[in-house]
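Notes for the one structure printed next.
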Amino acid sequence: MTELKDWLNSVNFSKTNLLEEDPAAIKDYNPFVMNRLLSGDIDSIMYANEMNMNHHLNKELQYSFYLNSLRKRKRYSSWIRKDTIKDIEYVKTYYGYNNEKAEQALKILNKTQIDFIKQRLETGASK
């Protein structure tokens with residue numbers, strides 16, 4: 001079974017075609033994850049964008065595109081995640097807001113108001 005690290009190593013550094021050894025290994029290739037990981041590096045973001053626009057291509061073509069287009073280089077980009085905002089869950093629960101409205105409310109609430117909301121939402125045994 002071919003793992004994600006094997007696909008990334010093949011495309012980025014070793015430049016060996018994994019499909020020559022085992023053509024059935026393409027079933028383990030995940031185009032979404034490859035595009036997501038390669039979009040984190042400055043020199044491969046345009047290639048990942050091109051594959052996002054051509055998502056309808058089969059897995060073999062997408063893999064071959066990366067294998068033959070990207071320069072040989074070690075790329076260590078992490079998975080891009082959205083930052084978590086402190087106290088947003090309290091505001092969402094208290095007012096019934098979605099993420100966007102809760103972020104806006106947090107901009108205008110002061111520390112004492114947020115502490116009041118936390119106190120009102122506190123459940124369970126007394127401290």
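Would you look at the GNM of the chain, springs on alpha carbons closer than 10 Å, and say which of TYR97, TYR76, TYR47 moves the most? With Cα springs under 10 Å in the chain, the top fluctuation among TYR97, TYR76, TYR47 is at TYR97. The modelled label-to-label distance for the pair ILE42/LYS59, using points 7 Å beyond Cα in the direction of Cβ, is 3.4 nm. Pairs of Cα atoms nearer than 8 Å and 6+ residues apart set the relative contact order; for the chain it is 23 percent. For the Cα atoms of the chain, what angle does the longest principal axis make with the long axis of helix 59-69, in degrees from 0 to 90, nearest 10? It works out to around 80 degrees. Helix content alone sets the calculated 222 nm mean residue ellipticity of the chain: runs of n ≥ 4 DSSP H residues at -39500 (n - 2.57) each, divided across all residues, give -14500 deg cm²/dmol. A value for semi-axes √(5λ) of the Cα gyration tensor in Å was derived from the coordinates, and within the list (1) 23, 15, 14; (2) 46, 16, 13; (3) 20, 18, 15 it appears as (2).
Each reported figure results from applying straightforward, stated rules to the coordinates on display, with no laboratory input. Predicted model, so just to flag it, every value in this text is computed and none were measured. Heads up, the Cβs are rebuilt from the backbone with ideal geometry, glycines too, and the neighbour counts pull from every protein chain shown.
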